[in-house]
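Beneath this line is the structure, given in structure tokens, with notes to follow.
The values are calculated or read from the model by the stated rules, or taken from the named source; none is laboratory data. It should be emphasised that the depicted structure is a prediction, and the values quoted were computed from it without experimental measurement. Cβ: placed from backbone, ideal geometry, glycine included. Neighbour counts: every protein chain shown. The accessibility values were calculated without ligands, DNA or RNA, using every heavy atom of the protein model including side chains. Shrake-Rupley method; radii C 1.70, N 1.55, O 1.52, S 1.80 Å.
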2 protein chains.
Amino acid sequence: MIARERLRWNGWGRLGESMGFSRAREELLRAELGRRLGRSLEPAPPPVELEAIRPAPSKLGAETLAALRAACGEDAVRTGAYERLTHAAGKSLPDLLRLRRGEVGPVPEAVLYPADEGAVAAVLRVARDARLAVVPFGGGSSVVGGVAPLAAPDQTGALSLDTTHLDRLLRVDLESGTASFQAGIDGPALEAALAEHDLTLGHFPQSFEHSTLGGWIATRSAGQQSDGYGSIEDLTVALRMVTPEGVVRSLEVPHAAIGPDLNELVLGSEGAFGVIVEATLRVHPRPRVADDRGMLFRSFADGAAAVREMVRAGVPVSMLRLSDASETELSLALRRDPARRFDPTEAALRATDAFGYGAGRCVLLYGAEGPHRREVRRAMRRARAIGRRHGGLSLGRAPGRAWRRDRFRTPYLRDWLLDQGVAVDTMETALSWHRLLPGHEEIVRALRASLLAHAGAGLAMAHLSHSYRDGACLYFTVIYPLDAARELEQWSAIKGDATDAILAAGGSLSHHHGVGVDHRPWLERERGTLGLEALRGLKSAVDPAGVMNPGKLL
Amino acid sequence: MIARERLRWNGWGRLGESMGFSRAREELLRAELGRRLGRSLEPAPPPVELEAIRPAPSKLGAETLAALRAACGEDAVRTGAYERLTHAAGKSLPDLLRLRRGEVGPVPEAVLYPADEGAVAAVLRVARDARLAVVPFGGGSSVVGGVAPLAAPDQTGALSLDTTHLDRLLRVDLESGTASFQAGIDGPALEAALAEHDLTLGHFPQSFEHSTLGGWIATRSAGQQSDGYGSIEDLTVALRMVTPEGVVRSLEVPHAAIGPDLNELVLGSEGAFGVIVEATLRVHPRPRVADDRGMLFRSFADGAAAVREMVRAGVPVSMLRLSDASETELSLALRRDPARRFDPTEAALRATDAFGYGAGRCVLLYGAEGPHRREVRRAMRRARAIGRRHGGLSLGRAPGRAWRRDRFRTPYLRDWLLDQGVAVDTMETALSWHRLLPGHEEIVRALRASLLAHAGAGLAMAHLSHSYRDGACLYFTVIYPLDAARELEQWSAIKGDATDAILAAGGSLSHHHGVGVDHRPWLERERGTLGLEALRGLKSAVDPAGVMNPGKLL
């Protein structure tokens, strides 16, 4: 079960955890970023403590509270300030900006911990009768405002329905290669349960340590190794979702030609239809061999062409991640550690300058894993051969090791940067291959113009990851100095420019973060008016009173 | 464009086409089947000629006709008996039984051939205003009654909207590996258009020659080589569908985390929401090498275990098809040709008897194809190695050649058998691996009991095809003597028993045929009450007046 009390309430991840930089390395980074942003970085005012915040008292009447207690148990209904504040926001940049200033915004009237399907259903009934919204809350790691405890105008408030007590492995079907879980189980617990059967799901989003199966499903999540294992929708066999009108469930069959796939109505539904309570998933043999390596290309175009060819040829890699020149360059700066006299990767890179791997150079991380050494070796050999045809230069295993080590740690950097008055935000999209290179250029250009306009300076970079036969995800990072007087306006303006640029380039509104509050203004443009109406029609059948997660997707 | 006038109106496929058996071979088959069914086969009464049937005159008034002509053009509105009769049914067994007796049932009031999206939209508006149902009709090859021109009780009749004039290739995007078509294009035309770019879709359902892209999408079709190329939903990037309320369309992006996938609302919608007018599809390089072979197993369990392992190991085969012992045995009987003195496959099989490949023996067809000989060879070698570990015995290329030759011809056998007073019907499901073997046994047992009860005799057999990591499709064939006095009652009783047995075994209601009229009675059991309500909610948003294909899915 996620131990919420060990997590930061106004930042990423576990208390006490960080990127793990030494003080000297932090100093170097501060100086380096200051140089790039054209100003010396000053420590930001310290964040407001949780204890200093007094949320308005819960508006729940005694009758509703009693009904909720009857629904899911005495101890499962919590109205203390700590519970309510830790369920008031997710982990988006605007969430953190607000929380650090002590501006909490709407707070749930209560936090509920139902432990079985019946309790979930009972809570939804109470909420409907009491005109309360219900906001499903798993790991709470949404970076798009997906767990904000919003209520509709005709509702009296919102309940946060914490799913993390629904955390059991239900069964493993070795013959079919599937496993069934309650949906509130978190990443590490899910993998630990599968490890006992020598299995893995292979789904490792960056939020893996602090997110739940239900959250992955609700947001159409893609893990870092989705190139090999697929996105969560590829891994999903069957689902159970409790809605205010009853249970929607799909059958455990590998394929069916029976109307629209019910799983697909639930995948990406972001709590707008109901609470996902169970899922049966395709699992894989636990890999015994993993090989992750780096390769250098002269340009983003060369690297992207190599990635495209690898995917098109069906090379069974598990991960392909190509940084553009800006991200490659900044990663190298971030690697620098005064305590380390000699960095072989940096030295190797310096030596390649003479061969045309200069300012435009881009690092590709590629990896394969599986139960058989021979298959992994063969996949890596095939990937490398294709990379070489596009001018790729092997960088060996060191970049792969660094990726494995830091794969879940990178987000901690954001909190440290916020302490220096510097914001980091990320936005992602997916583009067809033929739109990918122009899209990358146009979006980065738009981001830089926006950063200049709204922050006076800033860095914008991207990597390509999650590749498909017909296109790939581009994941953008922006770093800019915060203007303490208008942090949220700054964010909003930059987010708006970024999203407009992404849609103008022909990209999807999001590749794996979801809609939440932040992407909602663009939703109709993306879905089309009637596409959105169709989903509202669906919602009206399962949630006619609008209990479920209002103000987000639908 | 599908040349409807060259097709049988009351049977499968092209006029003049057949299984291609010699007279002597037909005699042998008749004797053989008679022996197995325990009666001598008598020629059935000849089917009623189309010209002998006079449908009730079209109920369309002059005003509606004028509006339809304004909507899609003078020549695109047809009310002649020939057009109306050829759009009155699909190709299910009950369809053929009825048509052969001259019992046509409901006939569309008119057949419309809109040639662009605007004309489709205009037709839907006219239909809504005139209280007419619209039934999309592509190839008309539905085997579940999906194109029956039914009207709702509050409607005055049905229009058949023939999509086959929407048959253009719109664009090829070589870089993204996609191609966009109008959805009324038929299989051969689609493949011919792609062949000019050295591409293939790789989607070859048995109906390939007489079915359309829109039909494949509307029914979640799976081709014979879906093991390699995926089902139609795996091949679909983006769609446009015209509904009575406007256009639903999805974007050309490889993946998105934006609510439920709009493509998935259209895939399997069987015309209940609207008319699919365009699709962008993932295409593949045209294979230069194809290798299809046979392998013999001692039992269905051994063969299924081998197939499961091949799929689980990710061997890139394009086709795996394992006949059970009954189907294996009957296929051998069907192969017999008095003109051929020596059949090497049969001789080889006879020789294997001594090694335990006796009564329970099962033939697996396995194939791989692709642009590179080396990759195809490697896939076949890996498949063979796994097969051997499960007792598989190579049968070489002859069975593969026979499969390629007859892959689209088998259904012609049904018409010939109907001429002999013998019915053939097929039903398919998908089962998790752990339910597959018991399911196979239980369903075959139920089929045999049903055939005995309702036809006094009959053969039931199955093959496993379309495999997935977590399960596979079982495709059942029943052959039984028709009782001329109660052909439809016979069919209905057997179909009911079969479907009950399939659901009781934990299978999907259909793997790739769809719902149509025939599976509708079981739909609520499969979807659950609320799952069905959810889809009705969706329909109410895009088709509030219930114009689209009533009496089928929703």
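Numerical summary
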read-out	value
Which numbered condition B:Arg405 fails, given (1) within 20 Å of the chain's Cα centre (by Cα); (2) surrounded by fewer than 21 Cβ atoms within 10 Å (Cβ to Cβ); (3) touching a residue at least 24 places away in the same chain (Cβ under 8 Å)	(3)
Enumeration of residues in region B:414-436 that are within 14 Å of chain A (Cβ to nearest Cβ) and farther than 22 Å from A:Ser176 by Cα	B:Thr426, B:Met427
Residue list for region B:18-43, restricted to those being touching a residue at least 40 places away in the same chain (Cβ under 8 Å) and touching a helix residue (DSSP H, G or I) at 6+ places or on another chain (Cβ under 6 Å)	B:Ser18, B:Met19, B:Glu32, B:Leu41
Members of region A:492-523 found to be among the hydroxyl-bearing types (Ser, Thr, Tyr) and away from chain B (no Cβ under 11 Å), listed by number	A:Ser492, A:Thr499
Members of region A:524-554 that are more than 7 Å from chain B (Cβ to nearest Cβ) and among the aliphatic types (A, V, I, L, M)	A:Leu532, A:Ala545, A:Val547, A:Met548, A:Leu554
Helices (runs of 4 or more DSSP H) wholly inside region A:441-547 that include at least 2 residues being touching a residue at least 60 places away in the same chain (Cβ under 8 Å) and over 26 Å from B:Thr280 (Cα atoms)	A:487-504, A:529-542
Which listed residue is closer than 29 Å to B:Ala333 by Cβ, small (Gly, Ala, Ser), at pLDDT 95 or above and open to solvent by less than 10 Å² (accessible area, probe 1.4 Å), from B:Gly507, B:Gly531, B:Gly456	B:Gly507
Residue tally, condition in contact (Cβ under 8 Å) with a residue 60 or more places away in the chain and either within 12 Å of chain A (Cβ to nearest Cβ) or over 22 Å from A:Glu375 (Cα atoms) (or both), over region B:304-316	9
Those residues of region A:475-491 which are touching a Ser or Thr at 6+ places or on another chain (Cβ under 8 Å) and either open to solvent by less than 10 Å² (accessible area, probe 1.4 Å) or more than 14 Å from every other protein chain (Cβ to nearest Cβ) (or both), in sequence order	A:Phe476, A:Thr477, A:Val478
Check on B:Leu436, under 20 Å from the mean Cα position of the chain (by Cα) and in a helix (DSSP H, G or I)	no
Checklist (1) in contact (Cβ under 8 Å) with a residue 60 or more places away in the chain; (2) away from chain B (no Cβ under 11 Å); (3) within 25 Å of A:Ala127 (Cβ to Cβ) applied to A:Ile185, failing item	(1)
Residues that are touching a Lys or Arg at 6+ places or on another chain (Cβ under 7 Å) and more than 9 Å from chain B (Cβ to nearest Cβ), drawn from region A:272-294	A:Val277, A:Glu278, A:Val289, A:Asp292, A:Arg293
From the options B:Pro205, B:Pro260, B:Pro254, residue that is within 22 Å of B:Thr429 (Cα to Cα), within 12 Å of another protein chain (Cβ to nearest Cβ) and not in a helix (DSSP H, G or I)	B:Pro205
One residue from A:Thr164, A:Thr156, A:Thr178, A:Thr212 being over 23 Å from the mean Cα position of the chain (by Cα), β-branched (Val, Ile, Thr) and within 30 Å of A:Pro57 (Cα to Cα)	A:Thr156
Matching entry among B:Gly246, B:Gly268 (being within 7 Å of chain A (Cβ to nearest Cβ) and under 19 Å from the mean Cα position of the chain (by Cα))	B:Gly268
